[in-house]
Structures are given as C-alpha cells and as structure tokens.
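What follows draws every value from the coordinates through simple rules; no lab data is involved. Because the structure is predicted, anything quoted here is derived from the model rather than measured. Glycine gets a Cβ as well: all are built from the backbone with ideal geometry, and neighbour counts include every protein chain shown.
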Amino acid sequence: MQCGNRVIQRGITCNLQVFFTNEGKGWGLRTLDGLPKGAFICELVGEVLTSSELHERKAKNSKHVDQVLLDASWGSEGVLRDEEALCVDPTFYGNVGRFVNHRCYDANLVIIPVEVETPDRHYYHLALFTAKKIEAFEELTRDYGIDFDGTDDLNKAFDCMCGSKYCRGGPNNSKD
C-alpha cells in the first residue's frame, strides 16, 4: 500500500512535454494525458534566494525566469522583512516546472507548500497540483500572482498573453 501523502517523494508520474507555444509566450509545459483534479504534476525547483539577492540578480540578467516568492508564514518563526523574504529562482537550476506559463485567475495548477520528511521545518518543497480536471495536450498554467498595476513588484509586470477572460494585465484588459 502506498501512502497518498508521499506523492512528491515518488517524483513525476504523469507524461509531460515541453513545447513552444503558438501564442508568443515562448516555451510552455503540457500534459500528454488527461489528469484529474488534485493530481501531482511536479515540484517547482530552483535556488533559494532572499528577495534582495534576487533584485541584484535581476538587475544583472535580463533573461531571467519568473521566480516564486515564498510566503514567510510557511515555516518561519516570525515575520521576515521584505529584503529577507525567500524566493525560489529557477533561472540557473530548475526542472520542467520552470516552463509553466502564467494565466490570470483561472490557471489549471496551484502551488502547494509541502513539508517533506526533514528536520528543518523552515524549508518546504513547492509542489504543483492540478486545480481542476485537465485534458490531454492542454497547457499547464499557474497564476504568478502579479500586480500588473504595481511598480515595485519582484515580478516586473509584462504584457499578459494568458488569454483568460479574467486577464488582469493583457492588451484587451480594461483598467478603467
């Protein structure tokens, strides 16, 4: 019998494909099989940096992959200052999770912090799970949580091309 709480330790079990999108978003990730809601896709892997280290890195490198800001409440004993907040940056070290593109509000994946048997409770593994049933060959997406009106966001706002009717930052988005 396998424990249902150990999906991350078993690794990727679904058939995934990195592909070049037709919509101008660059590389993307899709599933080759239909997947039920709640299915584990993969971990989101990268270097763990403080937000100040990430700002320095982004200033030096224009070809930077979008990072994930770790919520300090996921395991910290107290509240971290903004410059101490931790981020996962897959630019130089990552896995297929780095190819998951953004989609506003109705993305089909969600990030869940998962504690994996480790004595250090301050670090969690970031796992991508399906938020709804996904059809074979459907692109896998997650909401990056970008404030497209903000100016001081670690994720510099870009022209969103997600295609969602709920898009909050694309060319067809009315900000009036």
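Taking 0.36 nm per residue of separation and subtracting the current Cα-Cα distance, fully stretching the chain between Phe20 and His125 would add 35.1 nm. Using 31 Å as the Cα-Cα cut-off, could you pick out the over-long pairs in Lys25/Lys132; Lys37/Lys58; Lys25/Lys133? Listed pairs above 31 Å: Lys37/Lys58. With the highest mean first, a sort of the peptides 131-141, 103-113, 6-16 on other beta-carbon atoms found within 10 angstrom per residue produces 103-113, 131-141, 6-16.
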